[in-house]
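The next block holds one structure in the form of structure tokens; read it before the comments.
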Amino acid sequence: MTLPNPTKFYIDGAWVDATDREKINVTNPANGETIATLALATADDVNAAVAAARRALPGLRATDMAQRRAMLHRIRAAYAARIDDMGQAIMQELGAPIDLARAGQAAGVLGKIDAFIDACDEVVLSEPLANGDLVLRQPAGVAALITPWNWPLHQIMLKLGAALAAGCPMILKPSEVTPICATILAEVMHAADLPAGAFNMIHGDGAGAGATLTAHPGVDVISFTGSTAAGGRIARTAAEGIKRCALELGGKSACVIFADADLDAALTSTLRKAFNNSGQNCNAPTRLLIERSAYDDAVTVAARLAADWTIGWPDQPGAHIGPVANARQHAHIRAMIKSGLNTGARLVAGGLDVPPEFANGCFVAPTILADVTNDMEVARTEIFGPVVVMIPFDDETDALSIANDSDYGLAAFVHTADRDRAHRMIRDLEAGMVLVNGSDISPGSPFGGVKASGIGREGGIFGIEEFMEIKLVAGAP
């Protein structure tokens with residue numbers, strides 16, 4: 001297919017030209033080749049998008065849940081027809097291997113849409129209280145959606161589907177790293193025949209279009225997924241404007257493996273979650289905490305399992321991993337590996353070298369660093385690449401102390417055959433999500449964290465509630 005060139009914006013139900021000619025290149029991280037040019041939105045473009053959303057607000061606010069559900073059904077049908085196109089775009093702009101790009105990145109979004117369709121039946125717009133008063137749940141207003149590049153369509157739909165189900169018109173600013181799949185998604189939204197202004201999309205970077213959008217007085221709700229540093233800036237902007245704000249930020253998730261666990265099963269599950277998508281997963285279990293009596297065996301098993309994870313070209317089928325998203329991220333990951341090795345970590349798998357045919361791309365070998373302590377930079381900083389660290393612990397108390405000694409609190413993982421211990425860990429781990437014995441998160445479940453990992457939840461009815469306000473009515477006739 002010929003990929004769309006993201007040089008136009010989608011505003012008020014139509015494709016419009018950017019008001020400025022400034023553009024940046026979109027590159028393929030596997031080889032550095034330019035695959036598209038991207039228009040950058042100015043304040044005038046942002047103003048036009050916000051104005052369109054504000055005009056759409058009264059009509060969208062007046063819809064009922066059946067009408068919003070019908071819109072989501074139309075989006076699903078239009079989306080399903082474009083999955084192959086989206087897979088091709090993600091393969092080229094993100095570098096995701098084609099099988100992952102199609103089945104995981106593109107087709108996986110259908111489950112998110114289905115969860116929002118189901119959640120429409122759970123939302124109660126009008127609810128009487130026992131004291132005789134009435135609670136209404138209403139759209140919070142115009143929503144600004146700022147999304148990242150690592151799971152670009154998933155992250156867009158988690159926000160878009162929730163905002164639409166809540167009755168909020170929106171302006172999407174997708175990542176400038178993966179704007180092509182977002183442009184195809186905007187074509188899907190056009191095909192779904194939504195009311196004009198219900199969905200709008202502009203392009204640009206965070207410091208320009210993103211900052212202008214989040215600070216705009218016509219925006220009532222901000223939903224952002226990205227780095228903790230950027231999230232802090234957006235939270236300050238939201239506070240100054242008294243706006244609702246939901247943030248899904250970084251992570252350095254601990255995976256606690258006790259000696260009674262099946263090491264092969266536990267480490268197979270852990271490395272899959274850590275290395276999939278080239279390790280570019282905010283909730284990845286990147287700190288492996290292993291009970292000391294099983295530590296040496298775990299290192300041996302991890303080294304053996306890591307050998308099954310190889311790098312390869314994105315356009316080739318198979319279960320290999322592709323490059324990381326861009327040169328900046330590639331340099332950061334390599335610097336973190338060097339930091340770990342320079343401070344005493346032992347290289348178990350991977351490292352700085354890749355086969356020579358991949359040397360000109362942003363490839364990183366799946367890497368395991370053992371004998372790490374929790375005060376090392378490599379144990380405390382989000383790497384966002386295929387790198388995990390292994391840390392021994394003495395007992396349950398020690399494991400909790402190490403796991404919770406982190407600025408982040410997105411996910412935590414526990415592997416144990418002891419049911420009572422599993423429940424104690426679930427209770428005491430400081431994380432927004434706890435996954436036990438290799439389990440995965442289902443569509444519609446609340447996704448989000450605590451501490452520096454964010455504020456609010458995404459997915460299903462929990463995500464819809466982030467875009468709704470409660471209105472109390474007393475003495476209704």
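Overview of results
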quantity	calculated
Cross-link table Lys243/Lys471; Lys23/Lys173; Lys8/Lys471; Lys252/Lys471, entries beyond 27 Å C-alpha to C-alpha	Lys8/Lys471; Lys252/Lys471
Full-stretch length increase - Asp407, Ile35 - with 0.36 nm per residue and alpha-carbon distance subtracted	130.2 nm
Pairs of alpha carbons in the chain whose separation is greater than 28 Å (percent)	52 percent
Ratio of the Cα radius of gyration of the range 254-442 to 2.2 N^0.38 Å, where N counts its residues	0.98
Protection proxy ranking, peptides 470-476, 270-276, 53-59, 349-355, average beta carbon neighbours within 10 Å, highest first	270-276, 53-59, 349-355, 470-476
Arg61-Ala81 FRET efficiency (beta carbon distance; Förster radius 30 Å; 0.05 resolution)	0.50
Between helix 65-80 and the chain: long-axis angle, C-alpha atoms, 0 to 90°, nearest 10	60 degrees
Rounded to 5, percent antiparallel among DSSP beta bridges of the chain	40 percent
With Cα atoms, 0 to 90° folded angle of helix 228-241 axis to the chain main axis	30 degrees
Residues in the range 436-461 that a label on Asp121 would reach, taking backbone N under 11 Å of a point 7 Å out along Cα→Cβ	none
Folded to 0 to 90 degrees: helix 109-119 orientation relative to the chain principal axis, Cα	60 degrees
Net length gained if the chain between Thr19 and Asp308 were fully extended (0.36 nm per residue, minus Cα distance)	99.1 nm
Cα centroid separation - the range 279-336 against the range 133-178, whole Å	31 Å
Relative contact order, percent, the range 357-398 [alpha-carbon distance under 8 Å, six or more residues apart]	43 percent
Mean separation of Cα contacts under 8 Å, 6 or more apart, over the residue count of the range 254-442: relative contact order %	28 percent
Whole-angstrom gap from the range 369-443 to the range 198-246, using each part's C-alpha centre	31 Å
Cross-link reach list, lysines versus Lys112, counting only Cα pairs under 17 Å and skipping chain neighbours closer than eight places	Lys159
Backbone N within the range 122-147 under 11 Å of label point (7 Å from Leu472 Cα along the Cβ vector)	133-135
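Read-outs: derived from the displayed coordinates by stated rules, not from any lab. Please read these numbers as outputs of a predicted model, since none were measured by experiment. Positions of Cβ are backbone-derived with ideal geometry, glycine not excepted, and every protein chain shown enters the neighbour counts.
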